[in-house]
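Participant: After the structure tokens below, expect a handful of questions from me.
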Amino acid sequence: MNLKKYFIRALHRLQKGPGYTYKELLVWYCDNTNTHGPKRIIKEGPKKQLIWFFLTLLFASLVFWQWGILINTYLSYNVTSSLSIGFKTMKFPAVTVCNANPYKYSEVKPLLKELDRLIDAALERILQPTPGNSSENIFPPLDLELWYQIPLVLIDEHDKDNPVILDIFETIQTTGGIQTSTDTPTSAGNESFVDMPTSVGNESFVDIPTSAGNKSFVDMPASAGNERFVDIPASAGNERFVDIPASAGNESFVDMPPSVGNESFVGNHTAGNHTATAPTPANTTLEEKKYKLAVKLCSYPGSDNCTYRNFTSAAQAVTEWYVLQSTSILAKVPLEERIRMGYQAEDMILACLYGAEPCNYKNFTQIYHPDHGNCYIFNWGMDEEALNSSNPGAEFGLKLILDISQQDYIPYLSSAAGARLMLHQQKSFPFLKDQGIYAMAGTETSIGVLVDELERMGYPYSDCTMNGSDVPVKNLYSQYNTSYSIQACLRSCFQNDMIEICGCGHYMFPLPPGVNYCNNEDYPGWAYCYSLLRSSIRHRQICIDSCKETCNDTQYKMTISMADWPSEASEDWIFHILSYERDMSTNVTLDRNGIIKLNIYFQEYNYRTISESAATTIVWLLSNLGGQFGFWMGGSVLCLIEFGEIIIDSLWITIINIISWCKGLKQRRAQARYPDAPPTVSELVEAHTNLGFQHEAAGTLPRDRDEALPPEPGTPPPNYDSLRVQPLDVLRPDSDTETE
């Protein structure tokens, strides 16, 4: 009922109008507010009013400016980091050990046999580019189909605008888009022989131009010193080149001048340096004749859409080429077979001791890592509770003796020898390529560990995740039942892009169901696609933006020291004992090149916790907002409520004025439609009760005189206007006048 009265009163207020203007409302606010300044505006003289109005406006602007800065600072969600040091018994970290070489060469050699023969022949042509040294002279013949899938090429860049590209086993030389025959005589009688360009040591072999006549080329003997072969220009006639004997010193073969007829060039025999008689161009240097070895990657075999991966060293190019080719071969091998070809735990882990308790290879969990083959994890915490360290110090840590069998390494795949190890949290996947360290063979490596615990604040203070459930990238490493990490996310993102763009997955990362690994036979252009994707900054940035750091993390800081082990005095008996325990043999089957000893322990039980806290809170924001308001204008929260009240009243006045304006507009439209005044109530009643009453509208013609009129009534009708109910606000002034 009260609500109904309230709405009726509001309706009457709308009908009556606001009752006061904006000016009256503003004067009332300035006279009644508790904020300093507005009162002086209405109570002082004209000059002071102007001064106080300017000061009030200035300080109000400063307040709003400071408020904007404070609110923006709060919404930036900055954090502060605090460091605290604690002391407690800690869980021993999970320790992953792997061999730097993923497979035993004796096991994987049948799969890589043709690949090794190809790289051996290629290196022989690169290092010894003698005439007749081609793939046709090798028996049994090389599998050049495997070579052409991802070939190595030589690039001569001394002419930047017109580089020369030479495939080591190819017979077509490409020079700026023009192809010329190399190492193969033409059938027209004239022959053009072009040596394979290379720069190995101090030797430089370059092109020999074609002559207009027939040529006869014979062998040039080797030199005991440095050799240099340069261009021999064409001759107008027939030429004959004969043997140039070897010299005991350096040899330099330079340009021969053109001949008009038949000429025979014979070198001068000297006991020292052997030099031909023709002059050498002054601008020919050894630096100009250097060449780069590159890996040629094409979108499909025989395509012109190719890219060349250049390397500053041929060793890097050979390693990269061998990794790509071996990846294609091993991708087709089942996982069980790859595990069998790797290093087994009983052969690799010779001795184990944790604190005072002995352990062996059965205390390790085996996982397969594509980069390092079989890896073994101690204290992973998957099947049983993680172990605690009883005390800090080297005597209470983990001691291991490993055999890496360096003599069984793959020569072109693993150029580093040693053990790869990593300390990490329980139930986390070890990414040894990024976070692992090497332990060198023939040494005892001691690793002292300190623990740092990181605690990050979540959204909105940072873009971290607790368990990876809010990350849009599907974690392919979840098949190992491991916890989320940003490394797993980045690799999963790259593998997903690889599958989407290239149609197959890379051998180094896990696969989702229903997808195959890339290889040269089924996916000929996979290496080209992989190279472009790996070098794409856009795809890399998308993965970085999609993946998130973990909010809680534990990092292990390591202090590493090494010493030779075993010493020369003790190596005999140590190798005898270890050989007997592993192979049950009295002969020594181990040596210094394959043995490694590891000591891993906590340096101390002090751990550091680096935690984040909010730099600005809601309490900080409110206190600073109130402080600025009180300092500049002497206001409080009640002053803000007063200011809000005047805003509401201003809105109410605006609404009432709009409604009044709409009603006036409606009345003006009605008057425009009916220019005469509307009939009164008495006229309407008379027309209803007296059938003879006709209201004559303006402009109607009078009736004809002959037309009969209705009879007039005997008495006039009453004035019904006096019975009209008047509104209260109309009657009120009359009542006031009567009382007066």
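Participant: Please work out the C-alpha center-to-center distance from segment 289-336 to segment 354-389 and express it in whole Å.
Facilitator: Comparing the Cα centres of segment 289-336 and segment 354-389, I get a distance of 36 Å.
Participant: Within 15 Å, Cβ to Cβ, of A351, how many net charges do the neighbouring residues add up to if Lys/Arg are +1 and Asp/Glu are -1?
Facilitator: -3
Participant: I've got another one for you. Show me the GluC sites (Glu not before Pro) within segment 28-121 that DSSP assigns to loop and that have at most 13 other Cβ atoms within 10 Å of their Cβ. Could the numbers behind the result be given before it?
Facilitator: Numbers: sites: E44, E107, E114; in loops: E44.
Those that pass, being in a loop and sparsely packed, number zero.
Participant: Local charge sum around N363 (other residues, Cβ-Cβ under 14 Å, Lys/Arg +1, Asp/Glu -1)?
Facilitator: -3
Participant: What is the magnitude of the charge dipole of segment 463-550 about its Cα centre, with +1 placed on the Cβ of each Lys and Arg, -1 on the Cβ of each Asp and Glu, and no other charges, expressed in debye to the nearest 20?
Facilitator: In total the dipole reaches around 120 debye.
Participant: Within a 10 angstrom radius of the beta carbon, how do V97, V79, V164 rank from fewest other beta carbons to most? Walk me through the numbers on the way to the answer.
Facilitator: Details: V97 27, V79 15, V164 19.
Neighbour counts put them in this order, fewest first: V79, V164, V97.
Participant: Using Cα centres only, tell me the gap between segment 76-120 and segment 616-676 in whole Å.
Facilitator: Computed from Cα coordinates, the inter-centre distance equals 67 Å.
Participant: What FRET efficiency comes out for E645 versus R608 if R0 is 60 angstrom and r is the Cβ-Cβ distance? Round to the nearest 0.05.
Facilitator: Computed FRET efficiency for E645 and R608: 0.65.
Participant: Taking the Cβ-Cβ separation of L57 and I655 as r and a Förster radius of 30 Å, what is the calculated FRET efficiency to the nearest 0.05?
Facilitator: Working: r = 27 Å, r/R0 = 0.91.
About 0.65, to the nearest 0.05.
Participant: Would you order F59, F87, F64 from fewest to most other beta-carbon atoms within 10 Å of each residue's own beta-carbon? Before the final figure, lay out the partial values.
Facilitator: On the way: F59 17, F87 9, F64 12.
Ordered from fewest to most neighbouring Cβ atoms within 10 Å, F59, F87, F64 come out as F87, F64, F59.
Participant: What list do you get for S106, S405, S483 if you sort them by fewest beta carbons within 10 Å?
Facilitator: Details: S106 11, S405 20, S483 17.
With the sparsest Cβ surroundings first, the list reads S106, S483, S405.
Every number in this text was worked out from the coordinates using simple rules, so none of it is lab data. A quick note: this is a predicted structure, and the numbers were derived from the prediction, not measured. As a convention, Cβ positions derive from the backbone with ideal geometry for all residues, glycine included, and neighbour counts pool all protein chains shown.
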